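Structure record follows, encoded as structure tokens.
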């Protein structure tokens, strides 16, 4: 079990697994900062099969290769959504026929939400526009890339300067993670 601050409810909570969407995991892979994830959440990092597939697209296979190292070391695991399961029904609804008032969302976000909702896990996603309403509706815990970096800072795994360097590397790869610096993000979270 991992102890971290539940940013949605403002209290400490425990979680068994952290379900990543493509944008959140790729932020760390692009910045070559996946060691932060393994130090904080080794064995608790769940990559939905749909996210793994998205990282297999030509042009970014080097990200998949970096992720494969985490999987081979046992720090992360791939989890599929099987057909004819409750998970599949939720996933299909989110990606093709959402309830009124909801938009169709991407496969990676939908898979992370679905698997986390069934397993009472935490969703790791930066795409608040697409996931926020489902986070609330499914009563899920949620973390962003910035929240994970704050956890790393609080655990003394990185310094604030290292956080700013990692943040800059993520922004340089067009990751939509928030303000211009990690310092600004952390200051806004207080």
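Every number in this text was worked out from the coordinates using simple rules, so none of it is lab data. All values reported here derive from a predicted model rather than from experimental measurement. Every residue, glycine as well, gets a Cβ built from its backbone with ideal geometry; the counts of neighbours run over all protein chains shown.
Laid out as a table, the results:
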quantity: Amide N proximity, the stretch 50-77 versus residue 138 label position 7 Å along Cα-to-Cβ, cut-off under 19 Å; calculated: 50-55, 77
quantity: Mean separation of Cα contacts under 8 Å, 6 or more apart, over the residue count of the stretch 9-101: relative contact order %; calculated: 28 percent
quantity: Label-point separation in nm, residue 61 to residue 42, each point 7 Å along Cα→Cβ; calculated: 3.0 nm
quantity: Ranking of 64, 44 by count of other Cβ atoms within 10 Å, fewest first; calculated: 64, 44
quantity: Principal-axis tilt of helix 107-119 within the chain, Cα atoms, nearest 10 degrees; calculated: 80 degrees
quantity: Three-way shape label, the stretch 14-189, alpha-carbon gyration tensor, a/c 1.5; calculated: prolate
quantity: Residue-averaged [θ]222 nm for the chain, counting only DSSP H segments that reach four residues, each worth -39500 (n - 2.57); calculated: -15500 deg cm²/dmol
quantity: Potential lengthening between residue 120 and residue 183 on full extension [0.36 nm per residue; Cα-Cα distance subtracted]; calculated: 19.6 nm
quantity: Residue-span extension gain [residue 169 to residue 49] - 0.36 nm each, minus C-alpha spacing; calculated: 40.6 nm
quantity: Among 144, 114, 159: highest mean-square fluctuation, GNM of the chain, C-alpha pairs under 10 Å; calculated: 159
